[in-house]
Each structure stands twice: as structure tokens, then as C-alpha cells.
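The structure appears right after this line, and notes come after that.
The values are calculated or read from the model by the stated rules, or taken from the named source; none is laboratory data. It should be emphasised that the depicted structure is a prediction, and the values quoted were computed from it without experimental measurement. Neighbour counts run over all protein chains shown; Cβ positions are idealised from the backbone, glycine included.
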């Protein structure tokens, strides 16, 4: 039996590569997007519909704790699968920046799951160190994408900013149109990278300059609602309420954003104002309850 030529070996490897990507990301006709992206979507659904969502009140009973841990373990499984699948995709496509950003987002999501129920104080220190470790891995993926960033790129807006390779993305998604690819994996990788960097560094709470990451992301993609939303929410979480309101009002008055985005920001801004009032009232009640001995 004659040995396969190097060209035939390469062709065979390319076919296997395409088959694997089609199975992992493109999926079948019944499931347009499978694998790693599905895991991230399932993770979001778990966090939104269970006790992982802070809006769903969690008590201290044994049953509530079991529900919390069950949802958390299920979400951790989805995050770990996503990290594994994106890592395998990167092995096949090491030059595709979007895959690093997606894995970074999976690491960040996994970090958010390194929490314990408020009633369980015994593991809080371990959970904190685990969260930090995953956030640093997420930051490493984002920094990998930004390794070729140059400040002069800002001057190249709006039409000459380096974008992710559409050819790389077509290789990963051979059955999709460019429009579908742009929706799935935005080509403005630098805007997404600076957005993720700000998100991660704000969460790490050891970087004073996290705001500048969001500001740069906004310059690179002024019509991306996600940038305004994430920036505004972090300002609110850190109780920088005047700046947070300004960011939400900036989004509401931004004509580049769709009308439904304006309505969403207006509703969320009112919700956050209500939260601020409730927080301040709680502080006052606690202050009045103090007894000086």
C-alpha cells in the first residue's frame, strides 16, 4: 500500500478539522448552533431562571440551599463544557481572535459561579480565590487578543480599524452567510476585547483604570448597546450613582442605538433609581437601630 503524500495527509487533516467544527459549532439542520455556544446559552438560562439570579429570593432553609447548589452545579457543568470546547476550537484555529474572546467570556462566567450561598460562610475564602483565578484566565485570553493593539487605531475610525478575518470565520462557519457570522461573532474584535477587559478588571477590583477600558470600547463601537449597559451597571454596583445615571442617559439619547434599546435603558435606569432609594433607606434604618452603649 502506497504511503499518503503530504498533500493528501494535509487534505485529510483539513477534512477532519471541518467535520469537527461543523459538529461542535455549526451543528445539524435541527440545531443551527451547537456545542460551545449552546453551553454558554444554557448557562445564561440557568442563571436567569433559578436562584442564581439575585432577583429570585434565596432563603436560608435546607431546601433553598439545595436548590441553589443544584442550579450552581448545573451552571458550572455548562461553563466547563464551554471552556473545553472553545479550547479545542482554538487548537484548530489559533489565529481566530473571536474564539479567545469567547473562551474568555466562558472563563468569566465560570468565575461568577465560584460563589457560595450567603448563609454558607465556611467556604467563602476558597470561593473568592477560585473566582479570582478564573477571572485572571479570562483576562489572559483578552490580553492575547489585544497584544497587537496600537493607540493609533483610534485615529483610523470609523472605516479603517483592523477587524477580525472574515476568511477565518468562514472556515469555522462554512455554511453561514457573512451577516450570520457577524451576528454570531462580531468582527470588531478590539471593541469587544476592551469591553471584556473592562468587565473583568472591574470585577477583579484591583485595577483603578477599569473605566478607561469601557471608554475605549465605546469609542471603537459607539452603537453597541452592550458597552453602555455593562459600563453603567458596573458604575452602579460600585455605587457611583451620578456617573451611572449619566451613562444610562447617554445611551437613551444616543441616536445610533435602536428605539427598543432606548426603552430598555429608560426602564432599567428607573429600576436602578428605585434600588438606590431602597439602599439608602436601609442604611438609614440600620443607623437608627444602632444603640450607643
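Brief remarks follow.
- Hits in region 234-257 - residues which are closer than 21 Å to residue 221 by Cβ, assigned to a helix (DSSP H, G or I) and touching a helix residue (DSSP H, G or I) at 6+ places or on another chain (Cβ under 8 Å): 234, 235, 243, 244, 247, 248, 249, 250, 251, 252
- Residue within region 112-131 that is modelled with pLDDT of 85 or more, part of a helix (DSSP H, G or I), surrounded by fewer than 18 Cβ atoms within 10 Å (Cβ to Cβ) and touching a helix residue (DSSP H, G or I) at 6+ places or on another chain (Cβ under 7 Å) present: no
- Residue check for residue 219: in contact with a helix residue (DSSP H, G or I) (Cβ under 9 Å, 6 or more places away or on another chain) and either at pLDDT 95 or above or assigned to a helix (DSSP H, G or I) (or both): yes
- Evaluated against (1) free of Cβ contacts under 8 Å to residues at least 40 places away in the same chain; (2) surrounded by 17 or more Cβ atoms within 10 Å (Cβ to Cβ); (3) not assigned by TED's automatic domain parsing to the domain that holds residue 156, residue 216 falls short on exactly one condition, (1).
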